Every structure is written in C-alpha cells, then in structure tokens.
1. It is to be established whether one or more residues within segment 5-21 are under 18 Å from the mean Cα position of the chain (by Cα), outside any helix (DSSP H, G or I), small (Gly, Ala, Ser) and closer than 15 Å to ALA174 by Cβ.
2. Might you check whether a residue that is buried (at least 21 other Cβ atoms within 10 Å of the Cβ), under 19 Å from the mean Cα position of the chain (by Cα) and aromatic (Phe, Trp, Tyr) occurs anywhere in segment 73-95?
3. Which one of the conditions (1) surrounded by 24 or more Cβ atoms within 10 Å (Cβ to Cβ); (2) out of contact with any Leu (no Cβ under 7 Å at 6 or more places or on another chain); (3) within 28 Å of ASN310 (Cα to Cα); (4) not β-branched (Val, Ile, Thr) does GLY150 fail to meet, given that it meets all the rest?
4. On the basis of being crowded, with 24+ Cβ neighbours inside 10 Å, within 16 Å of ligand 2 (Cβ to nearest atom) and under 16 Å from SER137 (Cβ atoms), does VAL67 make the cut?
5. Would you mind stating whether GLU240 is at pLDDT 90 or above, closer than 30 Å to VAL186 by Cβ and among the acidic types (Asp, Glu)?
6. Name the residues in segment 149-175 that are in contact with an Asp or Glu (Cβ under 9 Å, 6 or more places away or on another chain), farther than 16 Å from THR34 by Cα, in a loop (DSSP other than H, G, I, E, B) and not small (Gly, Ala, Ser), would you?
7. Which count do you get for residues in segment 59-91 that are more than 19 Å from LEU40 (Cβ to Cβ), outside any loop (DSSP other than H, G, I, E, B) and not hydrophobic (A, V, I, L, M, F, W, C)?
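The values are calculated or read from the model by the stated rules, or taken from the named source; none is laboratory data. Bear in mind the structure is a predicted one, so any value in this text is a computation, not a measurement. Every residue, glycine as well, gets a Cβ built from its backbone with ideal geometry; the counts of neighbours run over all protein chains shown.
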Amino acid sequence: MKQITEARIETATPEAIARSAEILRTGGLVAIPTETVYGLAADAANDSAVARIFEAKGRPRFNPLIVHVRDRAHAETLATFPAAASSLAEAFWPGPLTLVLPRREGAQLSLLASAGLDTIALRVPAHPVARELLQLSQLAIAAPSANRSGEVSATTAAHVADGLSTRIEFILDAGATLLGLESTIVGFDERGALLLRPGALAREIIELVVGRLGEPRTAAGTSPGRLRSHYAPRTPLRLEAVDAGSDEALLAFGPPPHAQARLIRNLSIASDLREAAGNLFAMLRELDTAECARIAVMPVPKHGLGEAINDRLRRAAAPRDG
Ligand code: TXA
Ligand code: MG
C-alpha cells in the first residue's frame, strides 16, 4: 500500500524559505503565504508540477492560474503591458492586484498554467515571505488559492493542512494572512481595463488610476478573443477515436494505434495522466497548426486528472458560436 505522508508545516524562517525554494525548483508543491490568502505553489515553467496543482486541488477542470513574479521587470519577460496595465502595475504592485495580460511568444511558462489561453494572469505579491521565496528561487510561481476545489480559500497554515496536507510536500507558516480575501483581477480589451474578479483591492481605488472599469463581455457577446474563458483550437476535434485517417492529426494516449495520421502527438505513451495534463495544451496547439481536416483524439480515462482533461477536450470539440 502506498504510504501517505503528511506535509511538513514549518514557520517561515530563512531556512524554511530556502527549503521551499529547493522543493519548488525540483518540481514539488509548497503552500505559501501571501497577503491575500495562502497559495498552492509550483514552478510555473514545469508542466508536470503545474499538473500536480490541479491534481492536489481535485479541480474537475483546468482553470487558468495566477502566476506570481518578483517584480515588474520579471513580468515584462512573460507578458506585454497595455498602457492601462502599466499604470496599474506602477500604482499597485507589489500588492493584491492581478493583471490578465497578453502572454509573450516563447514565455517560459507551462501552457497548462494559463489553460492554453493567449493571456496570463500575473501578480507581484507584497507578503515578505512570498517575495523572499520569489527572489531566492528566481522562479515564476503558479499558485491558486491553497484549498481543495469547492472549499473556501485558506487564510492560515492549519486551514491549508486540513485540505491538502497529504497532497503536498511542505507548508510555509507565516500566521494568518493580512487581507483574507483574494486579489482583485483586472483584464484589458480595446475599451480599456475590465474588472474580472472583485477582490482585496477596491474597485474605487483602481478607478482613481484608470477611470471607470468595464464589465467583461459574456460568452454570448461579441468576444475579442483575448478574454476567452477557455482554449479552443480552429481544427475540429473528433473524440474517442480508435484510429485516424490520412487527412487527420492524431492526439494519442497510451500505446498508439497503427494510424495513417498526417501527424501524431502522444499525451503520454505510459498512460500517465499527470504527464498528459502537462502536454495537453501544447500538443493541441501544435496539431492545430498542421492544417488537417480534424484532430482525432484517443480516449483518455475519466478518473483523477482525466476528468479535467476530458472536460477541456469536450469544450474544445464543441461547436463555436462565431
Ligand atoms: O489572491 C489571490 O489571487 C490568490 C493568491 C494565492 O495569489 N490566488 C487565487 O488564485 O485566488 P485562484 O486560482 O483561486 O484564482 C485565479 C483566478 C481564476 O478565477 C481564474 O479564472 C482567473 O484567476 N484567471 C487566471 N488566469 C486568467 C486568464 N488568463 N484569463 C482570465 N482569468 C484568469
Ligand atoms: Mg480559488
């Protein structure tokens, strides 16, 4: 029987922060304090570490995650800043404000961290422990709130341990978080700044800097594409495929069939769901550029991370509304 070990909870001393940086650098998961709520942290450039976040949270779908960076200069290497975003970063970073920005081509980030989207949510946290960890590790750190899916965000190390202690390596304890509410999320379109999620930084304060915040368009409205809530390839998908024709690309899982496909990518030859989750968006994008008639997708098991993988595949296969 697999032994269940519990995460070590340690006070955030310099030694414990150094240990956390080491765990993150080697693909592990660490719960970290921020000024808003505790975050469930992983190296944002490591596909399988990011996949482990979703596994630990038990999320039935891949929501895009917030990526934490040490400063504005680090953020600039990952995303581009519209004028309004520059003003907001100038005014409120470090702090409880997340900006959803166009992702730079070639940014060193797992596509799974942004669930395959062309945008990335970035934040420079103000908490001294989070800042020290970002500085020491030199990583971009993906971190959703450190709670199991469907439960409230954790504001103490004990809350984190309640939900996640058998699923992560380490918990950095810095007492109760100061704000206790998630960061405010702002996105941008051609009209300017939009309030995507109310949070710890009040709308009125943000509006002092960029004027009136717009409302995001709903899926039914005309979408500019940049704030799409999920990734959708242009090529139609054919799910539960057991083979593939010569005009199709094949997204395989497990031992591949002898298929005629123009192009084949394998989510995981070893049928490992964590590896498959880490490869999903990058491989879909690659097959989408091959100009095939369809992307045939082999069945992926429905358990564990397979639930989220199947959810995304179904959405990607759904007919577009324009
Ligand atoms: O205070 C916080 O924001 C905490 C701490 C740990 O930083 N984090 C947090 O993360 O609340 P999470 O994963 O629970 O919430 C992230 C939210 C999700 O609702 C997601 O939809 C949105 O950010 N988001 C992330 N990337 C996005 C993107 N590219 N476009 C639109 N929304 C995005
Ligand atoms: Mg959350």
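1. no
2. Checked against the condition, which is being buried (at least 21 other Cβ atoms within 10 Å of the Cβ), under 19 Å from the mean Cα position of the chain (by Cα) and aromatic (Phe, Trp, Tyr), segment 73-95 yields no hits at all.
3. Of the numbered conditions (1) surrounded by 24 or more Cβ atoms within 10 Å (Cβ to Cβ); (2) out of contact with any Leu (no Cβ under 7 Å at 6 or more places or on another chain); (3) within 28 Å of ASN310 (Cα to Cα); (4) not β-branched (Val, Ile, Thr), the odd one out for GLY150 is (1).
4. It is true that VAL67 is crowded, with 24+ Cβ neighbours inside 10 Å, within 16 Å of ligand 2 (Cβ to nearest atom) and under 16 Å from SER137 (Cβ atoms).
5. no
6. GLU151, THR166, ARG167
7. The number of residues fulfilling the criteria is 7.
Table: residues versus (1) surrounded by fewer than 23 Cβ atoms within 10 Å (Cβ to Cβ); (2) modelled with pLDDT under 95; (3) over 20 Å from the mean Cα position of the chain (by Cα); (4) not hydroxyl-bearing (Ser, Thr, Tyr).
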residue: SER271; (1), (2), (3), (4): yes, no, yes, no
residue: ALA277; (1), (2), (3), (4): no, yes, no, yes
residue: ARG294; (1), (2), (3), (4): yes, no, yes, yes
residue: VAL297; (1), (2), (3), (4): no, no, yes, yes
residue: HIS303; (1), (2), (3), (4): yes, yes, yes, yes
residue: GLU307; (1), (2), (3), (4): yes, yes, no, yes
